[in-house]
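For reference, the structure discussed in these notes is given below.
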């Protein structure tokens with residue numbers, strides 16, 4: 001009997017198909033701890049490759065798990081049912097940048113930071129900025145509707161996707177949307193695909209909106225004695241008519257870890273940190289910086305630093321991006337949960353996190369996007385291999401997610417559901433809405449071959 005790999009080699013050629021132990025291991029997981037090997041890895045090089053694979057897989061009812069750069073935190077691209085791991089990483093060309101239209105056309109394997117750099121050279125801007133922008137792919141960003149610190153002012157990935165080329169489960173190719181910045185022709189199929197986590201189709205090309213790059217950036221880095229004071233500053237900044245491009249907050253465990261990893265001299269004083277970025281025209285940014293600094297001082301900051309210009313601002317962002325590495329430096333495993341709460345619940349959330357520490361005995365670090373309530377709550381555990389510790393960690397997560405749902409929050413703001421959050425999906429989404437998800441899944445993928453085993457089986 002001909003093996004699956006041999007059939008795929010006949011279909012695509014030997015350079016597209018791999019069953020080496022290294023390739024199988026690499027494509028078994030993402031940055032979450034779950035892992036399951038595919039039977040074979042396909043390295044697609046074109047839309048035609050993807051179409052052939054899905055047509056074949058659908059006819060033979062073989063599971064297909066689309067994969068990008070595999071840097072997700074929820075096990076979303078783990079091939080739980082084996083079958084084919086369909087890697088889009090080789091489809092990594094920026095096909096077009098046309099500033100006259102305000103668009104960039106890309107393949108899904110393009111790294112987010114590479115697109116940002118390419119359009120920046122032309123004086124243009126692609127705002128979505130997940131923390132992993134130097135390693136995550138745009139196809140992955142589209143699959144989970146990725147966000148980042150700039151969401152407060154500029155929005156998430158969905159707001160920058162104008163058009164998509166998608167291969168459906170039966171191998172058919174659909175082009176939806178286009179390159180116009182306004183388009184209300186039929187249903188919003190682009191919006192349906194963005195955030196669908198590889199369960200409705202495989203994106204093979206995206207037309208993205210780009211905007212003029214603001215000529216000036218400036219930032220404030222403020223330390224506060226308590227988290228409540230920093231959270232109050234968030235509300236006062238927004239209530240005073242300012243709309244920063246980013247508004248980031250961090251708690252005391254995060255800061256203490258940063259001091260141990262980076263040193264006290266580069267880490268703000270206090271048990272809470274607020275990072276404020278603004279951008280725009282040079283004179284207007286200077287004026288806003290002066291006003292904001294005065295406001296933040298009046299709200300009780302115990303340290304305040306200013307940065308103006310690209311280089312100085314990037315030094316502030318370097319500290320923010322080091323928070324995750326600082327937490328890893330503790331030697332503990334970081335269960336990174338990207339929950340969202342109404343902004344008025346920021347203090348409640350951190351107080352609840354402190355209760356979790358007492359109740360379950362795990363340190364909890366909270367930091368993230370205060371401007372839109374998307375806070376990364378990191379439960380720090382020594383291992384997930386010990387059954388007793390894992391059970392305790394799962395109980396802590398259960399308490400966290402149910403509390404967030406009770407506050408009318410969301411269990412994920414930018415990472416997706418994947419495997420990690422699938423057990424809370426029935427609690428987070430009402431029954432009728434879940435039925436709609438199931439109906440859509442069956443309509444697009446009647447044989448259930450696309451990324452099976454996740455929150456919609």
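The values are calculated or read from the model by the stated rules, or taken from the named source; none is laboratory data. These figures come from a predicted structure and were not determined experimentally. No Cβ is skipped: glycine too gets one built from the backbone with ideal geometry, and neighbour counts run over all protein chains shown.
The residue that is surrounded by the fewest Cβ atoms within 10 Å (Cβ to Cβ), counting only those in the range 285-306 that are in a helix (DSSP H, G or I) and in contact with a strand residue (DSSP E or B) (Cβ under 8 Å, 6 or more places away or on another chain), is 297. A count restricted to the range 181-210 and to residues that are surrounded by 15 or more Cβ atoms within 10 Å (Cβ to Cβ) and either in contact with a strand residue (DSSP E or B) (Cβ under 7 Å, 6 or more places away or on another chain) or part of a loop (DSSP other than H, G, I, E, B) (or both) stands at 20. Residues of the range 95-119 that are in contact with a strand residue (DSSP E or B) (Cβ under 7 Å, 6 or more places away or on another chain) and assigned to a loop (DSSP other than H, G, I, E, B): 99, 102, 107, 108, 109, 110.
Across the range 1-33, the number of residues qualifying as over 24 Å from the mean Cα position of the chain (by Cα) and at pLDDT 95 or above comes to 22.
For every residue, the table says whether it meets (1) in contact with a strand residue (DSSP E or B) (Cβ under 9 Å, 6 or more places away or on another chain); (2) in contact (Cβ under 8 Å) with a residue 12 or more places away in the chain; (3) surrounded by fewer than 24 Cβ atoms within 10 Å (Cβ to Cβ); (4) under 18 Å from residue 301 (Cβ atoms).
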| site | (1), (2), (3), (4) |
| --- | --- |
| 212 | yes, yes, yes, no |
| 219 | yes, yes, no, yes |
| 225 | yes, yes, yes, yes |
| 249 | yes, yes, no, yes |
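Scanning the range 387-399 for residues that are surrounded by 14 or more Cβ atoms within 10 Å (Cβ to Cβ), in contact (Cβ under 8 Å) with a residue 24 or more places away in the chain and out of contact with any strand residue (DSSP E or B) (no Cβ under 6 Å at 6 or more places or on another chain) yields 392, 397, 399.
Taken across the range 195-208, residues that are closer than 21 Å to residue 324 by Cα and in contact with a helix residue (DSSP H, G or I) (Cβ under 8 Å, 6 or more places away or on another chain) do not occur at all.
For (1) within 20 Å of residue 88 (Cα to Cα); (2) surrounded by fewer than 24 Cβ atoms within 10 Å (Cβ to Cβ); (3) modelled with pLDDT under 95; (4) not assigned by TED's automatic domain parsing to the domain that holds residue 197, each residue gets a yes or a no:
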position: 135; (1), (2), (3), (4): yes, yes, no, no
position: 142; (1), (2), (3), (4): yes, no, no, no
position: 145; (1), (2), (3), (4): yes, yes, no, no
position: 155; (1), (2), (3), (4): no, yes, no, no
position: 167; (1), (2), (3), (4): yes, no, no, no
position: 171; (1), (2), (3), (4): yes, yes, no, no
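Scoring residue 79 on the criteria (1) surrounded by fewer than 23 Cβ atoms within 10 Å (Cβ to Cβ); (2) touching a strand residue (DSSP E or B) at 6+ places or on another chain (Cβ under 6 Å); (3) more than 12 Å from residue 139 (Cβ to Cβ) leaves a single failure, condition (1).
Taking the conditions (1) within 22 Å of residue 374 (Cα to Cα); (2) assigned to a strand (DSSP E or B) in turn, residue 254 satisfies each one other than (2). Within the range 257-284, the set of residues being in a loop (DSSP other than H, G, I, E, B) and touching a helix residue (DSSP H, G or I) at 6+ places or on another chain (Cβ under 8 Å) comprises 267, 268, 270, 271. Just to be sure, is residue 122 surrounded by fewer than 23 Cβ atoms within 10 Å (Cβ to Cβ), modelled with pLDDT under 95, part of a loop (DSSP other than H, G, I, E, B) and not assigned by TED's automatic domain parsing to the domain that holds residue 30? For residue 122, the condition - surrounded by fewer than 23 Cβ atoms within 10 Å (Cβ to Cβ), modelled with pLDDT under 95, part of a loop (DSSP other than H, G, I, E, B) and not assigned by TED's automatic domain parsing to the domain that holds residue 30 - is not met. Each residue in the range 360-389 was checked for being in a helix (DSSP H, G or I) and closer than 24 Å to residue 342 by Cα, and 3 of them qualify.
Would you mind stating whether residue 258 is modelled with pLDDT under 95, surrounded by 24 or more Cβ atoms within 10 Å (Cβ to Cβ) and on the phi < 0 side of the Ramachandran plot? Before you say what the answer is, go through the steps one by one.
Values: modelled with pLDDT under 95: yes; surrounded by 24 or more Cβ atoms within 10 Å (Cβ to Cβ): yes; on the phi < 0 side of the Ramachandran plot: yes.
When the stated conditions are applied, residue 258 passes them.
Among the numbered conditions (1) in a helix (DSSP H, G or I); (2) under 26 Å from residue 19 (Cβ atoms), the only one that residue 92 does not meet is (1). Conditions: (1) touching a helix residue (DSSP H, G or I) at 6+ places or on another chain (Cβ under 9 Å); (2) buried (at least 21 other Cβ atoms within 10 Å of the Cβ); (3) within 22 Å of residue 409 (Cβ to Cβ). Residue 338 meets all but one. Number of the miss? Checking residue 338 against (1) touching a helix residue (DSSP H, G or I) at 6+ places or on another chain (Cβ under 9 Å); (2) buried (at least 21 other Cβ atoms within 10 Å of the Cβ); (3) within 22 Å of residue 409 (Cβ to Cβ), the one that fails is (1). Total residues in the range 320-335 satisfying the condition of being surrounded by 20 or more Cβ atoms within 10 Å (Cβ to Cβ) and either in a helix (DSSP H, G or I) or free of Cβ contacts under 8 Å to residues at least 12 places away in the same chain (or both): the figure is 4.
Just name the residue that is nearest to residue 125 (Cα to Cα) out of those in the range 307-319 that are crowded, with 17+ Cβ neighbours inside 10 Å and either modelled with pLDDT of 95 or more or touching a strand residue (DSSP E or B) at 6+ places or on another chain (Cβ under 6 Å) (or both). Walk me through it before giving the result.
We begin by selecting, within the range 307-319, every residue crowded, with 17+ Cβ neighbours inside 10 Å; these are 307, 313, 316-317, 319.
Filter once more, so that each one left must be either modelled with pLDDT of 95 or more or touching a strand residue (DSSP E or B) at 6+ places or on another chain (Cβ under 6 Å) (or both): 307, 313, 316.
Numbers: 307: 20, 313: 16, 316: 20 Å.
Out of the qualifying residues, it is 313.
Pick from the range 423-457 the residues that are in contact with a helix residue (DSSP H, G or I) (Cβ under 7 Å, 6 or more places away or on another chain) and assigned to a loop (DSSP other than H, G, I, E, B): which of them is surrounded by the fewest Cβ atoms within 10 Å (Cβ to Cβ)? The selected residue is 447.
Which members of the range 125-167 meet the condition of being part of a loop (DSSP other than H, G, I, E, B) and touching a strand residue (DSSP E or B) at 6+ places or on another chain (Cβ under 6 Å)? Step through it out loud before you land on a result.
Going residue by residue through the range 125-167, those that are part of a loop (DSSP other than H, G, I, E, B) are 126-136, 145-150, 155-156.
Those that are part of a loop (DSSP other than H, G, I, E, B) and touching a strand residue (DSSP E or B) at 6+ places or on another chain (Cβ under 6 Å): 149, 150.
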